[in-house]
Amino acid sequence: MPIMNCSSYRFCIALLNERQEGVVELRTLEYFLAVAREGNISNAAKALHITQPTLSRQIKELETDLGKQLLIRGSRRITLTDEGMLLRKRAEEIVSLLEKTEGEISASDEVISGDIFIGCGETEKMRFIVRAAKLMRDDYPDVNFHLFSGNEGDIAERLDKGLLDFALFIGMANLEKYDHFKLPDDDLWGLLLRKDDPLAARESIAPRDLEGIPLLCPRQVLLNNDMSGWLGRDFRKLNIAATYNLVYNVSLMVEEGMGAALCIDGLINVFGRGGLCFRPLEPKVTAGLVIAWKKYQVFSRAAEMFLTRLQSGLAIDEDQ
């Protein structure tokens with residue numbers, strides 16, 4: 001987690017103090033978010049169905065309460081200060097969590113309904129969760145699913161804050177804080193290559209093959225130095241041309257000749273992309289997959305039933 005500078009730290013403390021004293025109301029945060037989204041007081045006021053002077057006064061009072069300038073007011077457009085950007089992130093989390101909680105509380109005791117929030121890294125094994133979701137929707141059409149894709153750090157942060165019900169982690173995630181179960185199949189690491197790349201003539205990729213070639217690497221893998229054991233030295237010392245979070249855009253970089261992408265098999269349909277191919281690493285490198293949720297989590301009825309279905313699906317897979 002990045003370390004906040006002193007100014008941001010003091011602002012967080014101020015926000016917490018105001019929240020405890022009941023000064024910062026949810027409505028005020030929603031007003032602020034509307035201004036941040038629209039970039040304009042007049043447009044935000046129209047979207048909120050209030051007058052422009054009323055909205056301007058609410059935002060000014062919020063800045064006074066927090067003791068920080070949140071907006072830089074230009075002639076045509078408003079931009080956020082550093083404190084404003086921090087408040088926007090926290091306010092979005094607060095509003096999202098409240099909406100999620102209200103949905104769980106208001107769900108009928110007789111009808112299984114509501115929202116289920118799932119965070120996931122990119123993997124074809126997500127199909128296990130998708131199949132369970134499809135069956136759940138077939139039986140209970142009032143249940144809605146919301147997916148958030150990101151790296152391990154993004155997903156863990158949202159899970160810890162209660163913004164997600166479940167998370168699908170890939171590889172060596174820290175699971176001490178979570179209950180979880182492992183999926184039966186692992187993901188396979190390799191290189192996504194152009195077919196005219198000399199490495200495409202090989203059946204697999206050895207550590208020595210990576211010397212000197214431009215690599216496109218998942219950001220989380222690079223931060224954690226996960227591949228150093230396979231390589232036999234610091235993976236970060238290789239020719240890293242780019243890092244990425246989600247694989248589709250980096251596949252375009254491969255097509256344009258920027259380099260070879262370290263990725264998991266099955267994320268890009270190389271059969272439908274004639275110019276690309278996938279070659280596994282040798283010795284083989286796999287990544288385990290786990291479905292996790294917070295310990296002592298109090299689930300909505302819909303989320304609890306979905307977890308039961310996931311566990312039932314796992315039992316069926318293991319028996320086959």
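The values are calculated or read from the model by the stated rules, or taken from the named source; none is laboratory data. Worth saying up front: this structure is predicted, and the values here are computed from it rather than measured. We place every Cβ from the backbone using ideal geometry, glycine too, and count neighbours over all the protein chains shown. In case anyone asks, the SASA skips ligands and DNA or RNA and just uses the protein heavy atoms, side chains included. Shrake-Rupley method; radii C 1.70, N 1.55, O 1.52, S 1.80 Å.
In a residue-by-residue description of region 273-286, the property of being modelled with pLDDT under 90 and open to solvent by 70 Å² or more (accessible area, probe 1.4 Å) applies to no position. Return yes when CYS277 is touching a strand residue (DSSP E or B) at 6+ places or on another chain (Cβ under 7 Å), closer than 15 Å to LEU210 by Cβ and outside any loop (DSSP other than H, G, I, E, B) and no when it is not. Considered against the rule, which asks whether it is touching a strand residue (DSSP E or B) at 6+ places or on another chain (Cβ under 7 Å), closer than 15 Å to LEU210 by Cβ and outside any loop (DSSP other than H, G, I, E, B), CYS277 comes out as no.
Test of understanding: among ASN269, ASN245, ASN249, which residue is in contact with a Gly (Cβ under 9 Å, 6 or more places away or on another chain) and modelled with pLDDT under 95? Show your work before the answer.
Values: ASN269 fails: in contact with a Gly (Cβ under 9 Å, 6 or more places away or on another chain); ASN249 fails: in contact with a Gly (Cβ under 9 Å, 6 or more places away or on another chain).
Sole residue among the options that is in contact with a Gly (Cβ under 9 Å, 6 or more places away or on another chain) and modelled with pLDDT under 95: ASN245.
Residues are listed down the side, and each one gets a yes or a no for (1) over 26 Å from GLU176 (Cβ atoms); (2) part of a strand (DSSP E or B):
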site: PHE117; (1), (2): no, yes
site: MET126; (1), (2): no, no
site: ALA132; (1), (2): no, no
site: ASP138; (1), (2): yes, no
site: ASN144; (1), (2): yes, yes
site: GLY153; (1), (2): no, no
site: GLU157; (1), (2): no, no
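Please tell me if ARG37 is within 29 Å of the chain's Cα centre (by Cα) and either of a type in the set (A, V, I, L, M, F, W, C) or open to solvent by 50 Å² or more (accessible area, probe 1.4 Å) (or both). Taking the combined requirement at face value, the residue satisfies it.
Of all residues in region 287-310, which are open to solvent by 50 Å² or more (accessible area, probe 1.4 Å), under 19 Å from GLU176 (Cα atoms) and either touching a Cys at 6+ places or on another chain (Cβ under 6 Å) or in contact (Cβ under 8 Å) with a residue 12 or more places away in the chain (or both)?
Of the residues in region 287-310, the ones open to solvent by 50 Å² or more (accessible area, probe 1.4 Å) are 294-298, 301, 304-305, 308-309.
With the extra rule that they be under 19 Å from GLU176 (Cα atoms), the set shrinks to 294-298.
Of everything in region 287-310, those that are open to solvent by 50 Å² or more (accessible area, probe 1.4 Å), under 19 Å from GLU176 (Cα atoms) and either touching a Cys at 6+ places or on another chain (Cβ under 6 Å) or in contact (Cβ under 8 Å) with a residue 12 or more places away in the chain (or both) turn out to be LYS294, LYS295, GLN297.
Among residues of region 234-272 being open to solvent by 30 Å² or more (accessible area, probe 1.4 Å) and among the aromatic types (Phe, Trp, Tyr), the one that is nearest to PRO214 (Cα to Cα) is TYR248.
Out of all the residues in region 176-190, is one or more among the small types (Gly, Ala, Ser), surrounded by 13 or more Cβ atoms within 10 Å (Cβ to Cβ), over 27 Å from LYS89 (Cα atoms) and at pLDDT 90 or above? Yes: region 176-190 contains one or more residues that are among the small types (Gly, Ala, Ser), surrounded by 13 or more Cβ atoms within 10 Å (Cβ to Cβ), over 27 Å from LYS89 (Cα atoms) and at pLDDT 90 or above.
Does at least one position in region 98-113 carry a residue that is exposed (fewer than 13 other Cβ atoms within 10 Å of the Cβ), at pLDDT 90 or above and charged (D, E, K, R)? No - not one qualifying residue is present in region 98-113. Only a single item in (1) closer than 27 Å to LEU314 by Cα; (2) in contact (Cβ under 8 Å) with a residue 12 or more places away in the chain; (3) not in a helix (DSSP H, G or I) is not met by THR79, and it is number (1). Once region 203-233 is narrowed to residues that are more than 25 Å from ASN249 (Cα to Cα) and of a type in the set (Lys, Arg), the residue that is surrounded by the most Cβ atoms within 10 Å (Cβ to Cβ) is ARG233.
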